[in-house]
Amino acid sequence: MAAVCNKITWLLTSTATVLNNVVSCLVFCVLDIVDFILCFVYKAIDLSIESRWKPCYCSSAKENEPIIGNGKILVSEPCESKIVCLASMGKLRLEDISDTLYSRPSVVADVSKLIVNDRKKAKKTKVRSTFTVNSTVVEMLRAETVPRWSDCDCKICNSWTTSSKDTLFVKVEGPKDKAREDVLFIHGFISSSAFWTETLFPNFSSTVKSTYRLFAVDLLGFGRSPKPIDSLYTLREHVDMIEKSVLDAYEVESFHIVAHSLGCILALALTAKHPGSVKSLTLLAPPYYPVPKGEAATQYVMRRVAPRRVWPVMAFGASVACWYEHISRTICLVICKNHRLWEILTKFITRNRIKTFLLEGFFCHTHNAAWHTLHNIICGTAGKLDGYLDVISRQLKCQVTIFHGGDDEVVPPECSYDVQRRIRRARVKVVKNKDHITIVVGRQKAFAEELEEIWKRSTSIRSQTGTEDGYIARPEVLKEEGNRTSTIRRPCDLNNDDGDAGAASRNSQESPHPQNNAALELISSVTGDDEEGRSRQRVLVYAARRYASAVERNPEDYDALYNWALVLQIASTLFLFGLQESADNVSPDSTSPSKDSLLEEACKKYEESTRLCPTFHDAFYNWAIAISDRAKMRGRTKEAEELWEQATKKYEKAVKLNWNSPQALNNWGLALQELSSIVPAREKQNIVRAAISKFRTAIQLQFDFHRAIYNLGTVLYGVADDTTRTAGSTNPKEVSSNELYSQSAIYITAAHALKPNYSVYSSALKLVRSMLPLPHLKNGYLTAPPIGNTAAPHCDWKRTEFFLDHEALRRATKVEEKQVSRSLSGRIAEAANEEKTSIRFDIPDIVSVSACSDLTLPPGAGLCIDTTHGPVFLVADSWESLDGWLDAIRLVYTIYARGKTDVLAGIITG
């Protein structure tokens, strides 16, 4: 029944797709003709009203014509055009324009090209230059600054013409002189600064309003900003105007950036230009489309943004705006020139019950600005974004956060994940049931709180040891490697405004609060054996005193308490680096502080910080790490058991506050694993199962999380050992020790394949490789339907053996099932015949795998494998067995996606 439903769904989907394609072809052919006709209509109207034709991009490129206008020279080549400008100090600079402005394939364009080519063949002219020049761009550069008759002439739209300042309109809120932080907001396409000022600005807390300067700009050509008719609205022009209007005008040296849609491209360019000045980067629905090799970048992105389809509606609107210069000009004539009328009608119909800031932002622009910005920014920067993202990934060490609406039809959520693939530390949050606009509008209060939390964490110092990327967003503990990481949220009062760290330190020592003396004495008495150790100790002492001073000034400053606790926790790690003798070797009479005392003080600070801010998940997470370290120092004692229980509760709290944290789940599993080795045997089984559940959940959140994969393998190996020692289970439904060993080997093998250079994984693999069903990674029994008849009755489904290796998941053939010997030629012939009727899923063809609870399937645990050829359903013997299959298939696919298939093949094939 399920298979029949899937076939019907596939048939309906295919029919709808074909219908959409046919209707779209007809509709856009008509629009091609309409736009062609409107070209001549507007030329006639422009000539009659303004006594001259206005340039458009319908005309073909001219050759061998020197182009100079307004001190600018245009050089045009296939798929790329540049404007050479004479900048200050006699230097030349290049500004890119997109070839999509004048090269958009259509029915009319194709016919025109055929006619032009025939004429060229008849004339047999020789081309003397490799450069071509588009005359429209030239006319744009030579154009007068008088607005078009089709543009609005109201005071709001043209307020920039009466101003002596050649800068953007900037809405500024916050203190003028005592601002501690600066934030730059950049709106999206066909919008304005009101998108931010009417939604977020009123919802920020009083703390933000009193300490942050908030800058919301109207981009060039939009809102109340200048709309020069001779501008081509290139990326350089937009970025230069932002720098001139905000960074230079207000002497902004460092700042946070919040950008939406098209504004994300400008934010990336600005960040790549000033990587040392950006404190945090928050992007909403970034329109980033990775360009396949061999594709023309600008044309590819234009087809992605505007696919020339009538459905969905947003795709149709984008296609009209991007492909048709004169139709879009008509829309601007009707809407933008008469925007005052539309605003009055809107207010009359709604009786002023709603704010019209979205409409105002949509109305206040010119066709020239919208048309050129769309092509030169969204399409024209397609070949640059990869470079910007690489610069940000390498040079920018601040927090990068990406928000996207789950129902966004303008920019698909995949764009945000593509950005994350280039910036590995970026965090992506997809908000369900929100689209391109409602990602902010309608949830402005919640989003304002999220931004405040990002800004608070933006000045973090991340000190860590042994990490592969040089940056980790959260602290972590590795059972097998012992890496230690801590994250400090550094408020601005840590920066020494007096210019002398020593003076600041002395000032903070004058009158310490009595309750802080113990912690300060502990941190001060930590000493190093060499210059590096003493240097670290001085930094820690200085930081601890500053945070102590901050707490004395404001006892409710949970950030300062959190940071102070981290300083104590970092000081405890000096024992690990050999900068002070190990805690195990410190004599009872020694006056040197023990690691346990430092961690105990850190726990007190974490407790106070979480009391003041009960939703502070980072504090709960680091608190759990500190408790875990204290528990490790106590061996297998009753006190250690109590501490491990406390640590698991803190990890649980951290995960509840931030469920999308694989590292927290991994550490939670490690704590449960340690606890299971202490508790009585009757309690151990349930705790181990809970640990397995945490590791498995962490892997499901991040399939390439090799540490959780390895830890799951080790805990399964321990369970297998316990099962072997107890001579197996009396319950036949439970997994045997051999199966557990095999499962353990699968996870350890996968961890090694993902990180082949980790010595810990290599050593473990040598121990467990023989437990694999070589030359395969996994084997087992699944119930499958007859080949070619997925809707067969249950009685026709057969339970057969399946194999999974680095290439595919396939059903065992009869040749493999038979144990009788035969000649080699006979085996080859039979294998060839069986191959034609065997069930096989190649790893590259798999789209997703999932559990399936479908009553139309035979009894058991349903497994749905969705491939590029359609979904297929199998049935596992039990849900425990299904979990093993799901993890194994996902891990093999992840290894394939990471390009490590050769490593896996070498392991299982020898």
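Values as computed for the structure displayed
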item: Hey, Arg213 among the basic types (Lys, Arg) and part of a helix (DSSP H, G or I) or not; result: no
item: Subset of the stretch 395-418 that is touching a helix residue (DSSP H, G or I) at 6+ places or on another chain (Cβ under 8 Å) and under 27 Å from Ala194 (Cα atoms) - its residue that is most open to solvent (accessible area, probe 1.4 Å); result: Glu409
item: Filter result for Lys649 (touching a helix residue (DSSP H, G or I) at 6+ places or on another chain (Cβ under 6 Å) and either crowded, with 20+ Cβ neighbours inside 10 Å or part of a helix (DSSP H, G or I) (or both)); result: no
item: Those residues of the stretch 659-700 which are β-branched (Val, Ile, Thr) and open to solvent by less than 10 Å² (accessible area, probe 1.4 Å), in sequence order; result: Ile699
item: Positions within the stretch 295-341 being over 25 Å from the mean Cα position of the chain (by Cα) and aromatic (Phe, Trp, Tyr), in sequence order; result: Trp311, Phe316, Trp323, Tyr324
item: When residues of the stretch 305-336 are limited to those that are among the aromatic types (Phe, Trp, Tyr) and outside any helix (DSSP H, G or I), the one most open to solvent (accessible area, probe 1.4 Å); result: Trp311
item: In the stretch 233-250, the residues that are part of a loop (DSSP other than H, G, I, E, B) and under 24 Å from Asp151 (Cα atoms); result: Tyr233, Thr234
item: Selection count, the stretch 546-563, where residues are under 14 Å from Asn622 (Cα atoms) and in a loop (DSSP other than H, G, I, E, B); result: 0
item: Any hit, the stretch 720-742, residues being under 21 Å from Ser878 (Cβ atoms), of a type outside the set (A, V, I, L, M), in contact with a strand residue (DSSP E or B) (Cβ under 9 Å, 6 or more places away or on another chain) and part of a helix (DSSP H, G or I); result: yes
item: Filter result for Asp230 (open to solvent by 30 Å² or more (accessible area, probe 1.4 Å) and assigned to a loop (DSSP other than H, G, I, E, B)); result: yes
item: Residue check, Ala624 more than 27 Å from Lys605 (Cα to Cα), open to solvent by less than 40 Å² (accessible area, probe 1.4 Å) and in a helix (DSSP H, G or I); result: no
item: Test: residue in the stretch 255-267 that is open to solvent by 40 Å² or more (accessible area, probe 1.4 Å) and either in contact with a Leu (Cβ under 9 Å, 6 or more places away or on another chain) or under 26 Å from Asn376 (Cβ atoms) (or both); result: no
item: Pair list, Cβ < 7 Å and 6+ apart or interchain, from the stretch 706-724 residues that are under 11 Å from Leu754 (Cβ atoms) to residues that are aliphatic (A, V, I, L, M) and surrounded by fewer than 24 Cβ atoms within 10 Å (Cβ to Cβ); result: His706/Leu754; Arg707/Leu478
item: Any hit, the stretch 766-787, residues being surrounded by fewer than 19 Cβ atoms within 10 Å (Cβ to Cβ), at pLDDT below 90, of a type outside the set (A, V, I, L, M, F, W, C) and not in a helix (DSSP H, G or I); result: yes
item: Condition met for Ala698 (under 36 Å from the mean Cα position of the chain (by Cα), in a helix (DSSP H, G or I) and touching a residue at least 40 places away in the same chain (Cβ under 8 Å)); result: no
item: Candidate set from the stretch 251-273 (those that are touching a residue at least 24 places away in the same chain (Cβ under 8 Å) and in a loop (DSSP other than H, G, I, E, B)); member that is nearest to the chain's Cα centre (by Cα); result: Ser261
item: Output for the stretch 1-57, where each listed residue is part of a loop (DSSP other than H, G, I, E, B) and among the hydroxyl-bearing types (Ser, Thr, Tyr); result: Ser51, Tyr57
item: Residues of the stretch 391-436 satisfying the condition of being assigned to a helix (DSSP H, G or I) and not small (Gly, Ala, Ser); result: Val391, Ile392, Arg394, Gln395, Glu414, Cys415, Tyr417, Asp418, Val419, Gln420, Arg421, Arg422
item: Every residue from the stretch 277-304 that is in a helix (DSSP H, G or I) and either touching a Gly at 6+ places or on another chain (Cβ under 9 Å) or open to solvent by less than 30 Å² (accessible area, probe 1.4 Å) (or both); result: Ala297, Thr298, Gln299, Val301, Met302
item: Within the stretch 275-295, considering residues that are of a type in the set (Gly, Ala, Ser) and over 22 Å from Val410 (Cα atoms), the one modelled with the highest pLDDT; result: Ser280
item: So Pro78, is it closer than 25 Å to Glu295 by Cα, surrounded by fewer than 13 Cβ atoms within 10 Å (Cβ to Cβ) and at pLDDT below 80; result: yes
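The values are calculated or read from the model by the stated rules, or taken from the named source; none is laboratory data. The structure presented is a predicted model; accordingly, all values stated were derived computationally and were not measured. Methodologically, a virtual Cβ is constructed for each residue, glycine included, from the backbone with ideal geometry; neighbour enumeration extends over all protein chains shown. Side chains included, ligands, DNA and RNA excluded: accessible areas come from the protein's heavy atoms. Shrake-Rupley method; radii C 1.70, N 1.55, O 1.52, S 1.80 Å.
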